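Peer 1: The structure under discussion is supplied below as structure tokens; questions concerning it will follow.
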């Protein structure tokens with residue numbers, strides 16, 4: 001669990017919610033910690049199933065089952081044991097459960113030791129821990145460099 005906590009801390013997800021694991025009927029407990037804004041992340045609990053489309057600003061955590069589309073400006077965390085069948089577009093994605101679909105992350109995708117990804121992936125940075133499973137295509141692309149102002153072509157001097 002230390003790897004998961006350190007990864008969540010790296011991505012800034014450790015302060016918004018904590019899950020207490022006490023067996024199959026474990027309640028999901030949310031706590032606001034100092035410096036963390038309560039309610040920043042939407043959560044699908046471990047015993048919940050959701051089918052549809054999620055879009056908007058902020059982070060999204062999946063601890064149960066999800067089918068559909070996810071388009072958020074923040075981070076998506078797929079918790080250990082979660083099952084996701086969706087296309088995901090987010091700033092960063094962390095996979096600890098099972099994901100099937102096409103993923104696009106502006107900054108980073110990380111597959112934890114318990115994570116399984118089946119599908120294509122496009123991101124700026126990618127890492128998979130020992131034990132992770134990835135089946136599909138992976139595109140790691142550098143962010144586009146800003147173009148310097150240059151003089152347009154055809155602006156040279158002409159002689160008559």
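The values are calculated or read from the model by the stated rules, or taken from the named source; none is laboratory data. Small disclaimer: the values here were computed from a predicted structure and weren't measured. As a convention, Cβ positions derive from the backbone with ideal geometry for all residues, glycine included, and neighbour counts pool all protein chains shown.
Peer 1: Criterion first (buried (at least 16 other Cβ atoms within 10 Å of the Cβ) and touching a residue at least 60 places away in the same chain (Cβ under 8 Å)) does residue 112 satisfy it?
Peer 2: When the stated conditions are applied, residue 112 passes them.
Peer 1: When you check residue 60 against the structure, is it under 9 Å from the mean Cα position of the chain (by Cα), part of a strand (DSSP E or B) and over 16 Å from residue 132 (Cβ atoms), yes or no?
Peer 2: Judged against the criteria, residue 60 is a match.
Peer 1: Suppose we filter 39, 52 for residues that are surrounded by fewer than 22 Cβ atoms within 10 Å (Cβ to Cβ), modelled with pLDDT under 95 and in a strand (DSSP E or B); which single one remains? First the steps, then the outcome.
Peer 2: Working: 39 fails: in a strand (DSSP E or B).
Going through 39, 52 in turn, just one is surrounded by fewer than 22 Cβ atoms within 10 Å (Cβ to Cβ), modelled with pLDDT under 95 and in a strand (DSSP E or B): 52.
Peer 1: So, one more: I need the strands (runs of 3 or more DSSP E) fully contained in segment 66-143, keeping only those with at least 3 residues that are over 19 Å from residue 48 (Cβ atoms) and over 10 Å from the mean Cα position of the chain (by Cα).
Peer 2: Fully inside segment 66-143 and qualifying: 116-118, 121-123, 126-128, 133-135, 138-140.
Yes/no per residue for (1) modelled with pLDDT of 95 or more; (2) over 17 Å from residue 41 (Cβ atoms); (3) out of contact with any strand residue (DSSP E or B) (no Cβ under 7 Å at 6 or more places or on another chain):
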site: 58; (1), (2), (3): no, no, no
site: 69; (1), (2), (3): yes, yes, no
site: 76; (1), (2), (3): yes, no, no
site: 91; (1), (2), (3): yes, no, no
site: 95; (1), (2), (3): yes, no, no
site: 104; (1), (2), (3): yes, yes, no
site: 115; (1), (2), (3): yes, yes, no
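Peer 1: Kindly indicate whether any position in segment 21-34 is over 19 Å from residue 126 (Cα atoms), exposed (fewer than 14 other Cβ atoms within 10 Å of the Cβ), at pLDDT below 95 and in contact with a strand residue (DSSP E or B) (Cβ under 9 Å, 6 or more places away or on another chain).
Peer 2: yes
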